Amino acid sequence: LFLRVYNLSSIPLGFHIDEASLSYNGYSLLETYKDENNNKLPLYIDMFGDQRPSGYHYLTILPIKFLGLNEFATRLPGALFGSLSVLSIFFLAQVLFKRRLISLISAFLISIAPWSVVLSRASAETIVALFFIITGYTFFIVGFKKKKVVYFFAGAIIATLSFFFYHSPRVFVPLLFISSIFYLYSVWKSFKVNKKAYLILSFILLSLVSFALVFLITGGIGRFTQVNIFKDPHVKLVMEEQIREDGTMKVSVSATRFFHNKVINYSLGLISNYFEYFSGSFLFIQGGLPVWYKVPSMGLIYLVELPFILLGVFYLLSSKDKYHKLPLIWLILSPITASITVDDIPNIQRAIVMFPMIELIAAYGFVSLKDNLSNNKYKIVIGVFAVLIAFNFLYFLHQYFIQSQIHRNWYRYEGFSEMMSIVKKDYSNFDKIVVSKSFGGIYPLVLFYMQYNPDTYQKEGSPKDKPASGFGKFFFASSACPSIDRDPKVPKVNKIIFIDNGTCPSSNQKHTYVTRKDGAKAFRIVYE
């Protein structure tokens, strides 16, 4: 909890537009029961056509009510659920292995894991979804072991809650549950007929909720239509190139169709994406995407864990206990959903379900090694591991809490808070604030830092930040330097503020710069 809450409002430095959207919509729901788009108590909230599940938005309501509309309140739910996930993996390990040492090491590794700390501190909806997946699956396995119906339904209902926070669990969770049912078929055969029926009903419940959220409710496939591999122009371009080259070599049409078709090309794309998630660079060296979750020169899992992960896989495959194989099944299934997408590959958020199993497998390998070594040799292993894990952990803390504050911090809109505090102070004294669109889709940040009245925003038609439009006194211009490249659509007013890109050429107008911690000029505020 300390690792996830310490200095939470200012680290990670900056405030991403996704976080601002989560927070402002929570504020809007608190004040009006509607999201920014004037939809009452929605299941999805649209920012840029992404139709995000609204679970995290609702979680921000209570923190905002008691702590105010700020960075800490926004990030607090993720930090709390990230901390609770340490407990959930402890209990899952205990259910699977019935060895407290494995459970404790699994929990310890997750408590200090880079992926868990980073996502817990960044308002990541996936960290909340992960807690419900692990907890639901724990109840599900308890149901198998105790042969009690209540645990099946409890597990299904808890796991279903993950569907309201992120898209990927809607595919992964039913796939995990049905795969586990088939794998544990020998255990299932000993069930009475009515208990088998209830088990199937719990799986059907999961699948029906997933189907309804995806296909029956408006917005269910919004994000998938943006990032699915079947819309990837790169795959189409490669196939067209192959066909054109075959034509140059005078290959028969039938041969070209046989070798260069959608089935083969998309399959290769899916397989390539799948194995990206098991690459050493992704897991241990560089981490993944989106870039604003990256810690410089830091992977998602500590490199010192690699030998224990490999040992864990070996010992799990060698184990005769059927339940011991379940983490491997979970791990194999984990990247499937992420592999269907093409945007930001390999993606940390979409692959988050694989990381707890890697930590659990490492813990199993560690304890299994203890069982197969003499006491003296094991003490040496513990000593070496303790030194290396301590170094890895301290290196991560340095890279995250210090280095990342100036390393490519523009991805997290560092400096925006300072710029908006200046604008907010002068807001009543000026007639118009013209903001450059070169910073991207920044309207959630403007709404958040202005604490803009949600009811007023909705009555204005929820205009977002389309070029040549705006809300309140704000006007969004396409130019990077609107104080120089004047937009003729800007209303004629007496007093105006321009928010230029910090790299704009100097001018004689009255202005002030907002700089980032790395010394670069982020914004130029021009007064006229």
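Couple of notes before you dig in:
- Taking each residue of the stretch 16-34 that is at positive phi and looking for partners that are basic (Lys, Arg) with beta-carbon atoms closer than 7 Å, six or more apart or interchain, yields Tyr33/Lys40.
- Odd one out for Leu300 among (1) closer than 27 Å to Val381 by Cβ; (2) at pLDDT 95 or above; (3) assigned to a helix (DSSP H, G or I): (3)
- Leu360 vs. criteria in a helix (DSSP H, G or I), at pLDDT 95 or above, touching a Pro at 6+ places or on another chain (Cβ under 7 Å) and not polar (S, T, N, Q): yes
- Looking at Ser462, Ser506, Ser469, just one residue is within 26 Å of Asn409 (Cβ to Cβ) and small (Gly, Ala, Ser), and that residue is Ser506.
- Lone qualifier among Asp371, Asp321 - being surrounded by fewer than 22 Cβ atoms within 10 Å (Cβ to Cβ) and either within 19 Å of Ser179 (Cβ to Cβ) or in contact with a strand residue (DSSP E or B) (Cβ under 7 Å, 6 or more places away or on another chain) (or both): Asp321
- Filter pass, Lys145 being part of a helix (DSSP H, G or I), modelled with pLDDT under 85 and more than 20 Å from the chain's Cα centre (by Cα): no
- For the stretch 331-340, a tally of residues being open to solvent by 10 Å² or more (accessible area, probe 1.4 Å) and either among the β-branched types (Val, Ile, Thr) or under 15 Å from Ser272 (Cβ atoms) (or both) returns 4.
- All of Gly14, Gly49 fail the test of being part of a loop (DSSP other than H, G, I, E, B) and more than 29 Å from Glu418 (Cβ to Cβ), apart from Gly49.
- The number of residues in the stretch 20-54 that are open to solvent by less than 10 Å² (accessible area, probe 1.4 Å), over 22 Å from Thr160 (Cα atoms) and small (Gly, Ala, Ser) comes to 4.
- Going through (1) outside any loop (DSSP other than H, G, I, E, B); (2) of a type in the set (D, E, K, R); (3) buried (at least 23 other Cβ atoms within 10 Å of the Cβ) one by one, Arg350 falls short only on (1).
- Tyr378, sole failed condition from (1) aromatic (Phe, Trp, Tyr); (2) open to solvent by less than 10 Å² (accessible area, probe 1.4 Å); (3) without any contact (Cβ under 8 Å) to a residue 40 or more places away in the chain: (2)
- Residue that is most open to solvent (accessible area, probe 1.4 Å) [pool: residues in the stretch 485-528 that are of a type in the set (Ser, Thr, Tyr) and within 33 Å of the chain's Cα centre (by Cα)]: Thr503
- Test: Ser9 is small (Gly, Ala, Ser), surrounded by fewer than 20 Cβ atoms within 10 Å (Cβ to Cβ) and touching a Phe, Trp or Tyr at 6+ places or on another chain (Cβ under 8 Å): yes
- Residues located in the stretch 270-291, provided they are crowded, with 17+ Cβ neighbours inside 10 Å, touching a Lys or Arg at 6+ places or on another chain (Cβ under 9 Å) and not in a loop (DSSP other than H, G, I, E, B): none
- Of all the listed residues (Leu101, Leu8), the sole one being in contact with a Lys or Arg (Cβ under 9 Å, 6 or more places away or on another chain), more than 19 Å from Leu447 (Cα to Cα) and assigned to a loop (DSSP other than H, G, I, E, B) is Leu8.
- Scanning the stretch 439-482 for residues that are assigned to a helix (DSSP H, G or I) and open to solvent by less than 10 Å² (accessible area, probe 1.4 Å) returns Tyr443, Pro444, Leu445, Val446, Leu447, Phe448, Pro454, Tyr457.
- Which numbered condition Lys517 fails, given (1) in a loop (DSSP other than H, G, I, E, B); (2) closer than 21 Å to Ser417 by Cβ; (3) in contact with a strand residue (DSSP E or B) (Cβ under 8 Å, 6 or more places away or on another chain): (3)
The values are calculated or read from the model by the stated rules, or taken from the named source; none is laboratory data. Keep in mind the model is a prediction, meaning the values are calculated, not measured. Here Cβ is always computed from backbone atoms with ideal geometry, including for glycine, and neighbour counts include all displayed protein chains. These area figures cover heavy atoms from the full protein model, side chains too; ligands, DNA and RNA do not enter into them. Shrake-Rupley method; radii C 1.70, N 1.55, O 1.52, S 1.80 Å.
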